[in-house]
Amino acid sequence: MAASPHTFSSRLLTGWVGGCVWYLERRAVQESPHKFMHLFRNVNKQWITFQHFNFLKRMYVTQLNRSLNQQVKPKPEPVASPFLEKTSSGQAKAEIYEMRSLSPASLPLSRNPSEKQLIGLESASIIESPADVGKETKEEKQWKEMKLHMDDLPGILARLSKIKLTALVVSTTSAFALAPGPFDWPCFLFTSLGTGLASCAANSINQFFEVPFDSNMNRTKNRPLVRGQISPLLAVSFATCCAVPGVALLTWGVNPLTGALGIFNIFLYTCCYTPLKRISIANTWVGAVVGAIPPVMGWTAATGSLDAGAFLLGGILYSWQFPHFNALSWGLREDYSRGGYCMMSVTHPGLCRRVALRHCLALTGLSVAAPVLDITTWTFPIISLPINLYIAYLGFRFYVDADRKSSRRLFFCSLWHLPLLLLLMLTCKQRPGRKGDKGDAQS
């Protein structure tokens, strides 16, 4: 049967298209990677579609003109803002050109300049080199060893030794003035200086031991050893340089009993209280003993003996420690828990509040015991009753409310309660002559 003209023309068209497809497929297979060959082999087994033509066209054009391949454009370096960049005068590498003066005639008459005008003035005033700024930002991102400057050393050592806590400890040695007998100024200065040096040594060793735990607490994460401002060797050397002359002053400048108490207090704070903080809540009672020893040292420095007055002053400081520290630790429960410390406020919150209240009430009883032991007159328990009742009231509110507000009020009250109580004791001190006069009158 003869083929129609339409059928003949359709075969010609199909043969021409097939030849083009064969030519393009062969060229693409020769110049394309081996991993794309299976895509073209499947073309002969399927009907040729419009998607096949588009794919072959893209491959053909890409192979002929390789410059059309997509190229990755490198990301430009970030340019820091000149207004937010903090650079010293010695390190600044920005090129600042002088701003040309503007004549009054060239200024616009409008009092409210537009935003574009302000941007133009700012860009004209300060021009920085992008290469220098990029280089400086790279240098800032690189790790640099923290260097110790001699100007910063006194402040770092002050924070290492907890200078505020040390000043509070030294103030408790004012019990020296409460002891019977004349006031000896050189002995008092030796006692204060030796106690202060011993306190600095104990605090420095405490920070040396607690570096891995202090780094987990917001309250202590900025301490010098945690931040690496000084080396552990320098911290231990500083503690040794404080402990040796401090104990020597207390032993040979005052008396051996006071020096022995200083050595015992350093040992108790660094070797007992510090490791016990991570083991048991008994650390609070041990820490209270540490805080009670400095006024005892002041008494023994004046009298050379441990008598009733020394134990009374130590008992006042011992009881004062609990409302002071328990109220402080209540607001730092999350920090202590994160650091892994075993505190009453974390593990036994009810006991923490009860102990604080008990010792607030004990301060009133100890104040009454002072005239009984002939340390003060009977005026002292009377005039100290208002401040003792007030701290007892705050301790009761802390026990009932159990919130941060009541704990903060109790803590700040304890800061001024102790110095004021010692000052009242000093003003009401029992004079040695009055006791003798009373005995003569009775005989």
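The values are calculated or read from the model by the stated rules, or taken from the named source; none is laboratory data. Only a predicted model underlies this, so the values are computations on that prediction, with no experimental measurement involved. Areas reflect the complete protein model, heavy atoms only, side chains present, ligands, DNA and RNA absent. Shrake-Rupley method; radii C 1.70, N 1.55, O 1.52, S 1.80 Å.
Measuring nothing but protein heavy atoms, the accessible surface of the stretch 277-402 at 1.4 Å probe radius is 65 percent carbon and sulfur. For a 28 Å ceiling on Cα separation, which of these pairs sit above it: Lys164/Lys405; Lys277/Lys429; Lys147/Lys277? Listed pairs above 28 Å: Lys277/Lys429; Lys147/Lys277.
Assign one of three labels to the stretch 255-412, namely rounded, prolate or oblate, based on the Cα gyration tensor with a ≥ b ≥ c the square roots of its eigenvalues; rounded applies when a/c is under 1.5, prolate when it is not and a/b is larger than b/c, and oblate otherwise. Oblate.
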